[in-house]
Amino acid sequence: MERETQKLLWKMEALYPSPDSAQLTRELETAENSVKKFRESYLDKVFSLDAAGLLEAITGYESLNELIMKPQCYGHLLFAADSADDKVKRISQKVNEFGNQMARELLFFDLEIMHLPDEHFRA
């Protein structure tokens, strides 16, 4: 007995209306600009932050990661649903490369946080 192959589909309109969405392009640009501002604000400055400043930086970092991950999740879901479509491949590649670039730009924060003494976090 042959099994009928079912195409895997998700309703992804909650993320973006379509792969050609201007919203996707805008959010990639917003994320890139936000990462640049974050880097300018905190690079080589994490050690000097007080408790409130550190909390603000960590909260901002979490928000940036959400902003960066949304397009990546979208690209991943598109690719999982149809890995043969060239347009989907391009989008998936684009958002993955974007995510990798943003991760490189933000790596300083992880490294600086790891070098903070525990006293910085107790406050």
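Could you give me the residue pairs with C-beta distances under 6 Å whose first residue belongs to region 20-42 and is free of Cβ contacts under 8 Å to residues at least 40 places away in the same chain, whose second residue is assigned to a helix (DSSP H, G or I) wherever it lies, and which are 6+ apart or on separate chains?
That search, which allows pairs on different chains as well, returns S34/L64.
Which ones in region 2-12 are exposed (fewer than 10 other Cβ atoms within 10 Å of the Cβ) and modelled with pLDDT of 80 or more?
Residue satisfying the conditions is K11 alone.
Looking at region 70-108 only, could you name the residues that are under 30 Å from L43 (Cα atoms) and open to solvent by less than 40 Å² (accessible area, probe 1.4 Å)? Show your work before the answer.
Here is the first cut: in region 70-108, the ones under 30 Å from L43 (Cα atoms) are 70-75, 92-108.
Those that are under 30 Å from L43 (Cα atoms) and open to solvent by less than 40 Å² (accessible area, probe 1.4 Å): P71, Q72, Y74, G75, S92, V95, F98, G99, M102, L106, F108.
Quick one: would you say L15 is buried (at least 16 other Cβ atoms within 10 Å of the Cβ) and out of contact with any Lys or Arg (no Cβ under 9 Å at 6 or more places or on another chain)?
The answer is no for L15.
Yes or no: region 1-20 includes at least one residue that is assigned to a helix (DSSP H, G or I) and of a type outside the set (D, E, K, R).
Checked against the condition, which is being assigned to a helix (DSSP H, G or I) and of a type outside the set (D, E, K, R), region 1-20 yields no hits at all.
Taking only region 109-123 into account, find how many residues are surrounded by fewer than 13 Cβ atoms within 10 Å (Cβ to Cβ) and either touching a Leu at 6+ places or on another chain (Cβ under 7 Å) or without any contact (Cβ under 8 Å) to a residue 12 or more places away in the chain (or both). Please lay out each step first, then the result.
We begin by selecting, within region 109-123, every residue surrounded by fewer than 13 Cβ atoms within 10 Å (Cβ to Cβ); these are 110-111, 114-115, 117-119, 121-123.
Filter once more, so that each one left must be either touching a Leu at 6+ places or on another chain (Cβ under 7 Å) or without any contact (Cβ under 8 Å) to a residue 12 or more places away in the chain (or both): 110-111, 114, 117-119, 122.
Residues flagged as surrounded by fewer than 13 Cβ atoms within 10 Å (Cβ to Cβ) and either touching a Leu at 6+ places or on another chain (Cβ under 7 Å) or without any contact (Cβ under 8 Å) to a residue 12 or more places away in the chain (or both) within region 109-123 amount to 7.
Please give the number of the condition L64 fails out of (1) modelled with pLDDT under 95; (2) open to solvent by less than 60 Å² (accessible area, probe 1.4 Å).
Exception for L64: condition (1).
Scan region 43-57 for residues that are in a helix (DSSP H, G or I), open to solvent by less than 90 Å² (accessible area, probe 1.4 Å) and in contact (Cβ under 8 Å) with a residue 12 or more places away in the chain and jot them down.
Those that are in a helix (DSSP H, G or I), open to solvent by less than 90 Å² (accessible area, probe 1.4 Å) and in contact (Cβ under 8 Å) with a residue 12 or more places away in the chain: V46, A51, L54, A57.
The values are calculated or read from the model by the stated rules, or taken from the named source; none is laboratory data. Values in this document were obtained by computation on a predicted structure and should not be read as measured data. A quick note on method: Cβ atoms are made from the backbone with ideal geometry, for glycine too, and the neighbour counts reach across all protein chains shown. These area figures cover heavy atoms from the full protein model, side chains too; ligands, DNA and RNA do not enter into them. Shrake-Rupley method; radii C 1.70, N 1.55, O 1.52, S 1.80 Å.
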